[in-house]
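First up is the structure itself, then whatever we jot down about it.
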Amino acid sequence: MIELVNKLEKEKILTKAEFVRLLGCDESTQEYLAKTAEKIRIENYGKDIYLRGLIEFTNFCKQDCYYCGIRKSNTQCPRYRLTKEDILECCKEGYELGYRTFVLQGGEDAYFTDDRLCEIISAIRGNYPDCAITLSVGEKSKESYQRFFDCGANRYLLRHETANAEHFSKLHPEKQTLKSRKKCLLNLKEIGYQVGCGFMVGSPYQTLENLAEDLLFIKELNPQMVGLGPFIPHNQTPFKDFNSGTLDLTLKLLSIIRIMLPKILLPATTALATIDPKGREKGILAGANVVMPNLSPLSVRKKYQLYDNKVCTGDESAHCRRCMEGRINSIGCRIVTARGDSKNI
Ligand code: SAH
């Protein structure tokens, strides 16, 4: 199997059948995958790990994704939304802690019209001209994406969730389609955003063939970022009885993506930290180079519950920042406070 890793490193792509074989590899090949990925991460980004401050500004959502704890049909979810002032306060605290990227993430909340979002983006842009603004607010029209961009947003995270249309339809109600998701990603790219796609590892009904299709899709899209973490069930969703994705499969995918797209920005996600106490560290050692600690006010942290047992929901932002520094240093890397734009352009 080692020869498959070498082939991937050389050619930066494999066939679907080869990806499937590699995803099923044994422990020693996984170790070799991780070492190769780490080497490539260091060649491109050194030992620098980039920080993104995550502001979860609303958990109202009009979508009904079967996997997600803040889906519309979850009537037990206590809903909240932050005001513009709250959000600016998070940015202020974040800036003082060294964050130079703010990620505004939320459900698809109709209260936040384009006008309201633009007002918030413009205010952050005005206060922090040296920072990157990342949006993660789901599917919108090209016109809306353009308006946000014109107000100062630079990056957009929209996971494709799965590149297989049939699998997509098992994770979402009929009105959500893979076609529209892909169109959004292309629109974002055309406008000039640094774009992030991504998917959950071990989501219900997912096969290794599906994951190979995700890899081929990612190669073709050639995004600046790829967000991936294990699926974790939420007890108030239709998928409550499914198992979580595994650590090993998530790590293999991080490594494969690092090798396939050497300059990609790859977060070690909170979901990964939730299924393993050293998940973030292991993710970085497998090729990741971004961490996204929470900047949301403590009062709302527990309410942004996409899945069960999410970690770090009880800690102040300053605590998260220090904790992250310790974790990154413990594996011989360092947190940098630079904006950390992608080198994959
Ligand atoms: N509404 C926005 C952003 C919030 S959801 C959007 O849809 O883009 C952000 C990501 O969390 C989703 O793309 C999904 O991949 C992930 N997620 C949702 N539920 C999850 C679960 N149960 N386990 C793991 N990840 C989940």
**Asked** So, of the residues in region 236-293 that are acidic (Asp, Glu) and either open to solvent by 20 Å² or more (accessible area, probe 1.4 Å) or in contact with a strand residue (DSSP E or B) (Cβ under 7 Å, 6 or more places away or on another chain) (or both), which turns out to be farthest from the ligand (Cβ to nearest atom)?
**Response** 248
**Prompt:** All but one of (1) over 20 Å from residue 302 (Cβ atoms); (2) outside any helix (DSSP H, G or I) hold for residue 85; which doesn't?
**Reply:** (2)
**Asked** Does residue 112 meet the test of being part of a loop (DSSP other than H, G, I, E, B), at negative phi and crowded, with 17+ Cβ neighbours inside 10 Å?
**Response** yes
**Prompt:** Condition test on residue 233, is it touching a residue at least 60 places away in the same chain (Cβ under 8 Å) and either touching a Cys at 6+ places or on another chain (Cβ under 8 Å) or open to solvent by 10 Å² or more (accessible area, probe 1.4 Å) (or both)?
**Reply:** yes
**Fill in**
By residue number, the members of region 316-327 that are open to solvent by less than 50 Å² (accessible area, probe 1.4 Å) and out of contact with any Asp or Glu (no Cβ under 8 Å at 6 or more places or on another chain) are 320, 321, 324, 326
**Asked** Taking region 282-309 on its own, how many of its residues are under 19 Å from residue 78 (Cα atoms), in a loop (DSSP other than H, G, I, E, B) and in contact (Cβ under 8 Å) with a residue 60 or more places away in the chain?
**Response** 9
**Prompt:** Identify, please: which residue in region 312-335 is modelled with pLDDT of 95 or more and under 19 Å from the mean Cα position of the chain (by Cα) and is, among those, farthest from residue 134 (Cα to Cα)?
**Reply:** 328
**Prompt:** Does at least one position in region 213-226 carry a residue that is surrounded by fewer than 23 Cβ atoms within 10 Å (Cβ to Cβ), within 11 Å of the ligand (Cβ to nearest atom) and within 28 Å of residue 8 (Cα to Cα)?
**Reply:** no
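The values are calculated or read from the model by the stated rules, or taken from the named source; none is laboratory data. Predicted model only: the values in this text are computed from it and were never measured. In this analysis, Cβ positions are derived from the backbone assuming ideal geometry, glycine residues included, and neighbour counts consider all displayed protein chains. All accessible areas refer to the heavy atoms of the entire protein, side chains included, with ligands and DNA or RNA removed. Shrake-Rupley method; radii C 1.70, N 1.55, O 1.52, S 1.80 Å.
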